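Peer 1: One structure coming up, written as structure tokens, with questions to follow.
The values are calculated or read from the model by the stated rules, or taken from the named source; none is laboratory data. Owing to the predicted nature of the structure, the values given are computational and were not obtained by experimental measurement. Ideal geometry is used to build each Cβ from the backbone, glycine not excepted, and the neighbour counts take in all protein chains shown. Heavy atoms of the whole protein, side chains included, go into the accessibility calculation; ligands, DNA and RNA do not. Shrake-Rupley method; radii C 1.70, N 1.55, O 1.52, S 1.80 Å.
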Amino acid sequence: MSEMPIQSPTVPPIGPVSARRGRPSRRDKIFAAALRLFRSQGFHATSLNDIGAAAGVAGTAVYAHFATKQDLLAAAIGEGAQRISDGVRHALADSPQTPDEALDALVEAYVRVVLDNADTYACYVLELRNLGSEQQAPFVRSERTLRTLWRNRLQAVRPELSKESAQLMVQMAIFALLALCLHRHRLDREQVESLAHAQVMGALQAPLTSFNS
């Protein structure tokens with residue numbers, strides 16, 4: 001079963017490469033503040049002025065970049081989604097050949113990049129519905145492609161699964177990470193990655209009778 005390449009939504013660049021590698025640009029700070037506030041208090045409870053204050057810039061500076069909160073949300077999620085897909089693609093470039101190793105590599109890579117971009121992931125899952133249909137479309141296409149990759153790798157390991165069962169298990173596994181992205185904890189990164197990996201693999205390895213009985 002062939003795998004589809006991971007795709008990312010097409011979004012405007014967030015600034016010069018030099019600025020992103022060194023001192024964060026004003027746009028970077030606005031993105032980070034927006035995602036942090038959207039994650040902690042929700043899209044509707046956050047104003048552009050709140051974001052400006054959290055980013056340490058004047059409210060007018062935010063309006064200079066984005067006309068609406070929806071525009072800011074779309075751009076911030078898009079930039080984060082690019083990082084997530086790039087991270088997964090890079091990690092899978094030399095993916096192992098056996099089905100079990102390939103699935104484990106996907107889970108490991110996805111867990112790592114999602115935890116690296118927890119604010120983005122939480123906002124994507126919880127706040128994407130606040131965008132218009134045209135703004136949502138590239139994210140929906142990218143998500144569909146990613147889930148197909150997951151389902152293909154899962155069915156390579158568990159060929160007894162129907163397409164519908166595999167799709168449901170993939171959805172459960174992916175959303176299992178959301179709780180970790182939302183919950184503030186004191187565990188170190190290694191512990192969190194280990195817990196997340198076990199949680200996702202547990203969902204993918206659930207007994208067949210739970211789904212096809």
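Peer 1: Expected output is a single nm value to one decimal: the length gained when fully extending between Ala206 and Arg144, i.e. 0.36 nm times separation in residues minus the C-alpha distance. What is it?
Peer 2: 20.1 nm
Peer 1: Alpha carbon centre of segment 125-163 versus segment 74-106: separation in Å?
Peer 2: 13
Peer 1: Sticking with this one: Using only protein heavy atoms and a 1.4 Å probe, report how much of Glu164 is accessible, in Å² to the nearest 10.
Peer 2: Ignoring ligands and nucleic acids, Glu164 comes out at about 130 Å².
Peer 1: So what is the accessible area of segment 82-162 per residue, in Å², with the probe set to 1.4 Å?
Peer 2: With all protein chains present, segment 82-162 gives 45 Å² per residue.
Peer 1: I've got another one for you. In nm, give the distance between the simple-model label positions of Val192 and Arg129, each being 7 Å from the Cα along the Cα-to-Cβ direction.
Peer 2: 2.6
Peer 1: How large is ³J(HN,Hα), in whole Hz, for each residue of segment 73-79 in order, when computed from phi with the Karplus curve 6.51 cos²θ - 1.76 cosθ + 1.60 and θ = phi - 60°, using x for Gly and Pro?
Peer 2: Whole-Hz 3J(HN,Hα) from phi for segment 73-79: 4, 4, 5, 5, 5, x, 5.
Peer 1: Charges at C-beta only: +1 for Lys and Arg, -1 for Asp and Glu. How large is the resulting dipole of segment 71-165 about its Cα centre, in Debye rounded to 20?
Peer 2: Dipole magnitude for segment 71-165 comes out near 320 debye.
Peer 1: Moving to a separate point now. Measure off, as a whole percent, the carbon and sulfur share of the 1.4 Å-probe accessible area of segment 23-105, all protein chains present.
Peer 2: 52
Peer 1: If you don't mind, another one. Given a cut-off of under 8 Å on Cα pairs at least six residues apart, what relative contact order in percent is computed for segment 81-213?
Peer 2: 29 percent.
Peer 1: To the nearest 10 Å², what's Lys163's accessible area with a 1.4 Å probe?
Peer 2: 120
Peer 1: Just reorder Asp50, Asp94 by solvent-accessible area, largest first, 1.4 Å probe, all chains present.
Peer 2: Per-residue accessible area, sorted high to low, gives Asp94, Asp50.
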